[in-house]
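Below you'll find the structure, written out as structure tokens, and then a few comments.
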Amino acid sequence: MDMLPIPGTPTQRPKGRKARTAVVGLVAAGLLLGGGVIAANAATSSNPGTTAAATSQPAAAVATTASATASAGSASTAAKAPLARHPLATALRFFVNGDSSKPNFGTRAAKIATFILDKRPKLAAKLPAALQSDLKALKDAAPADQVAKAKAIRDNALNGTYGAKIQAQAQRIEQRKANNKA
């Protein structure tokens, strides 16, 4: 007599199924982790010329990062992974686009200056001397003076006091803001 399983009763699983599942999971995790490491190595070592140029030219890094992050945020490029923002690009974007009428504008500007000077000293050392001194002044400013010093950094970036590259990038950021409002 042939015994059919009764509905609702557990059937015996094939032996070794858990072990195979565990092995497959470990292999998949290893491939994902290994692929991430390979991709990271490829991204950092594939073109050392651009990496060196980006670190030696902060304004150039600001320009390339800002244009890349602006396109990464649009809906048409949603499939692309967002790019990490360069701290100088983020700072320049804040100073140019920031709304100085907001109550926390001066505090945030001082925090950005402190971050660049204290957490990224190698990048800060590569900035123009005038920008370094303005960031130090903003960092050490009294809360009542922070907004005025942040506005001065914005104005100096736009009028070319910090150099032509920073001026061009600041103008692009300002133009992009105007185009987004239109």
inquiry  = Taking the Cα centre as origin and putting +1 on Lys and Arg beta-carbons and -1 on Asp and Glu beta-carbons, what dipole magnitude results for the range 94-135, to the nearest 20 debye?
reply    = 200
request  = Determine, from the Cβ-Cβ distance of ASN97 and ALA125 and an R0 of 22 Å, the FRET efficiency 1/(1 + (r/R0)^6), rounded to the nearest 0.05.
outcome  = 0.30
ask   = Given 0.36 nm per residue, what is the gain on full extension from ALA182 to ASP140 after removing their alpha carbon distance, in nm?
value = 11.4 nm
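Taking K and R as +1 and D and E as -1, what net charge do the other residues with C-beta under 12 Å from the C-beta of VAL96 add up to?
+3
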query = Taking θ as phi - 60°, what are the ³J(HN,Hα) couplings along the range 158-164 by the Karplus curve (6.51, -1.76, 1.60), each to the nearest whole Hz, with x for Gly and Pro?
reply = 6, 8, x, 4, 8, x, 5
inquiry  = Net charge within 12 Å of SER133 by Cβ-Cβ distance, Lys/Arg positive one each and Asp/Glu negative one each, not counting SER133 itself?
reply    = +1
task = Multiply the residue gap between THR107 and ASP155 by 0.36 nm, knock off their C-alpha separation, and tell me the result in nm, one decimal place.
result = 15.5 nm
inquiry  = If you take every residue apart from GLN146 with its C-beta less than 11 Å away from the C-beta of GLN146, what net charge results, scoring Lys and Arg +1 and Asp and Glu -1?
reply    = +3
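Only the coordinates and a few stated rules stand behind these numbers; no lab work does. The structure presented is a predicted model; accordingly, all values stated were derived computationally and were not measured. Neighbour counts are summed over all protein chains in view; Cβ atoms, including those assigned to glycine, are modelled from backbone coordinates with ideal geometry.
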